[in-house]
Each structure stands twice: as C-alpha cells, then as structure tokens.
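For reference, the structure discussed in these notes is given below.
The values are calculated or read from the model by the stated rules, or taken from the named source; none is laboratory data. Predicted, not measured: the structure shown is a model, and the values here were computed from it. Cβ: placed from backbone, ideal geometry, glycine included. Neighbour counts: every protein chain shown. Only protein heavy atoms, including side chains, enter the accessible area calculation; ligands, DNA and RNA are left aside. Shrake-Rupley method; radii C 1.70, N 1.55, O 1.52, S 1.80 Å.
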Amino acid sequence: MSYQPLAHEIHRLVQDMPDEFVTRVAEVLLQAEAADWRWLRWQTLNAVAQPELRERLGRFLDFWQSQAADVPPASVAMGMLTAAQAENHHRRQQQLELVWTGPDSEIIPLRRTDQALLQLINEAQHTLHIVSFAVYKAQTITTALVSAAHRHVAIAIYLETPNASEGKISFDTIGALGQEIAHHARLYVWPLSKRPATTGGRRGALHAKIALADGRTLLISSANLTEYAMTLNMEMGILVRGGPLPGQVEKHLARLIEQGDFKLV
C-alpha cells in the first residue's frame with residue numbers, strides 16, 4: 001500500500017497553519033492510546049478552536065481513517081511535525097519575482113501585476129494588508145478581497161480619501177471598494193496632522209502601493225488598485241516570498257498604527 005497520498009494530505013494540512021496549531025494536534029495524537037476512532041477524532045478536533053481550521057482538520061482525519069487507517073497516530077503526529085519544520089525552512093528562503101504590466105520584451109520572464117496581486121490575495125489565510133493611493137474600477141481585485149473576507153481573513157486597507165488628502169484625490173475611494181469590503185475590512189488613512197508639510201503648506205501624500213499576506217508574501221509595486229494600473233499602464237513591482245522582509249513590513253505597519261500615523265476611518 002502506498003502512503004504517498006497520506007503524506008500529501010499531511011503537507012496540505014500544515015503548510016499554511018500556525019505552528020501552535022500543528023503542535024497542539026501533534027501532542028494529542030502522540031498521547032493517544034485508545035483504538036476508538038470516534039474518541040480520537042473528538043479529542044483531536046477539540047485541540048483547535050477556530051471553525052475553519054477545525055473543518056480542515058476534520059476532512060484530513062476522515063481521509064486518514066478511510067485511506068490509511070493502519071498508520072498509527074504517533075506516525076501521523078511525527079509526519080505533521082516534520083512537514084511543518086520543512087515548510088518553515090522553505091518559508092525562510094526568500095524568493096524574488098518581477099511583476100510587470102506593459103509590453104513584453106521577452107528578455108526576462110515577467111508576471112502581470114493583476115495576476116500576482118490576485119494570487120497573493122487568494123492565498124491569504126490569516127491577514128491581508130493593502131496600501132494604495134487610488135482605488136477605482138478594480139472589480140476583480142475587490143471580488144477577491146470579498147472572498148478573502150468570507151474566509152475570515154483579517155483585512156486592513158490603507159488609502160487616500162478626498163478629505164485626508166486635501167483634495168489630492170477627488171473620487172470616493174472607500175465607495176470604490178464597495179460596501180461589503182468596507183464592512184469587513186479595517187480602513188485606515190494617514191491623518192493630515194501627521195503628515196510633513198513644506199513651508200508653503202503643501203502636505204505629503206500616501207503614495208505607497210503594497211500588498212502583504214500572512215506576513216510572508218509581499219508585493220511592492222507602482223500600481224494603484226485601478227483598472228488602468230492592472231491592464232493599461234506600464235507598471236513594475238517585485239513579489240517577495242519568504243525571508244524576513246514581509247514580516248518586517250507587517251510589524252512596520254502595526255507600529256505606525258500604534259503611533260497614530262494611521263487612523264481608522
């Protein structure tokens with residue numbers, strides 16, 4: 001009998017799970033002595049509080065019982081811990097990829113900006129940060145954000161508004177996001193009182209364009225969340241996977257909120 005399918009399912013289960021989740025479940029399995037499957041399933045599911053994670057864990061347990069019931073709990077526990085260690089090592093290895101919207105030179109392989117951003121949003125499991133100057137007619141992006149909200153991803157969006165920018169942006173960026181995103185996401189602005197100004201009174205603008213998922217995938221781009229930026233403009237960015245930079249940016253944004261440099265709308 002091949003145990004490859006079970007190994008594959010173990011990896012799928014732990015690849016984006018918090019370490020504490022993997023550890024709690026593994027501890028339950030390592031302590032399991034009874035052969036009563038119902039008891040083992042109940043004990044294992046009780047180690048996890050979040051509904052979504054419990055559902056995923058339940059599907060894995062059912063697969064294990066139906067496809068590889070002869071594999072003992074201790075072996076599954078060690079498989080989970082090993083897979084989690086390997087995944088953590090992989091996450092620490094930083095990967096860089098260029099992202100581009102515009103004509104193709106065929107010199108280097110490039111991914112479209114909207115494709116990279118959609119993948120980042122769709123892969124988010126826990127946290128998602130979006131920073132953009134402009135938001136306008138980006139239906140595919142806002143649809144992906146709604147789906148992330150339905151997955152219980154905690155979404156924070158940092159943007160300019162007509163009031164906060166003193167007219168630098170004239171259209172309603174919050175309205176452009178749509179009511180559902182505005183309801184589920186935390187929306188932040190850079191208060192005028194916190195912006196540096198010239199001697200003539202001209203203040204700075206929130207011009208960064210950043211997308212950040214789960215503290216481990218970071219997109220830095222010239223592209224705003226607009227239809228033109230995703231399809232017509234010439235835009236370039238870089239997608240960072242793993243390494244310390246995504247986590248550092250997440251902590252940076254959190255500190256700016258603590259300092260009052262970003263405030264909730």
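Is there a residue being among the charged types (D, E, K, R), farther than 24 Å from Lys251 by Cβ and out of contact with any Phe, Trp or Tyr (no Cβ under 8 Å at 6 or more places or on another chain) anywhere in region 154-169? Yes. Within region 75-98, residues that are farther than 22 Å from Leu239 by Cβ have Cβ atoms under 8 Å from residues that are outside any helix (DSSP H, G or I) and open to solvent by 60 Å² or more (accessible area, probe 1.4 Å) in these pairs: Ala83/Gln15, counting only partners at least 6 apart in sequence or on another chain. Considering only residues in region 156-179 that are of a type in the set (Asp, Glu) and over 23 Å from the mean Cα position of the chain (by Cα), the one that is modelled with the lowest pLDDT turns out to be Glu166. Among Ala47, Ala84, which is in contact with an Asp or Glu (Cβ under 9 Å, 6 or more places away or on another chain), among the hydrophobic types (A, V, I, L, M, F, W, C), open to solvent by less than 90 Å² (accessible area, probe 1.4 Å) and part of a loop (DSSP other than H, G, I, E, B)? After ruling out the rest, the residue left standing is Ala47. Filtered by the rule that a residue be under 17 Å from Lys209 (Cβ atoms), out of contact with any Asp or Glu (no Cβ under 7 Å at 6 or more places or on another chain) and not in a helix (DSSP H, G or I), region 138-163 gives Ile155, Ala156, Ile157, Tyr158, Leu159, Glu160, Thr161. Taken over region 1-44, residues that are touching a residue at least 40 places away in the same chain (Cβ under 8 Å), open to solvent by 60 Å² or more (accessible area, probe 1.4 Å) and assigned to a loop (DSSP other than H, G, I, E, B) amount to 3.
Every condition in (1) under 15 Å from the mean Cα position of the chain (by Cα); (2) surrounded by fewer than 20 Cβ atoms within 10 Å (Cβ to Cβ); (3) under 16 Å from Val131 (Cα atoms) holds for Gly242 except the one numbered (3). The conditions of being of a type outside the set (S, T, N, Q), assigned to a loop (DSSP other than H, G, I, E, B), within 29 Å of Ala154 (Cβ to Cβ) and touching a Phe, Trp or Tyr at 6+ places or on another chain (Cβ under 7 Å) are not met by Val71. Hey, could you check region 144-179 for residues that are farther than 21 Å from Ala116 by Cα and among the charged types (D, E, K, R) and say which is surrounded by the most Cβ atoms within 10 Å (Cβ to Cβ)? Here the answer is Glu160.
Does Val99 meet the test of being open to solvent by less than 90 Å² (accessible area, probe 1.4 Å), of a type in the set (Val, Ile, Thr), more than 28 Å from Ala154 (Cα to Cα) and not in a loop (DSSP other than H, G, I, E, B)? No; evaluated as a whole, the condition is false for this residue. Scanning region 180-232 for residues that are among the polar types (S, T, N, Q), open to solvent by 40 Å² or more (accessible area, probe 1.4 Å) and over 15 Å from Leu256 (Cβ atoms), we see that the one that is farthest from the chain's Cα centre (by Cα) is Thr199.
Among the residues of region 50-68, just one is outside any helix (DSSP H, G or I) and either open to solvent by 80 Å² or more (accessible area, probe 1.4 Å) or without any contact (Cβ under 8 Å) to a residue 12 or more places away in the chain (or both), namely Gln50. Residue under question is Ile141, and the condition is that it be crowded, with 19+ Cβ neighbours inside 10 Å and under 24 Å from Glu55 (Cβ atoms); does it hold? No; evaluated as a whole, the condition is false for this residue.
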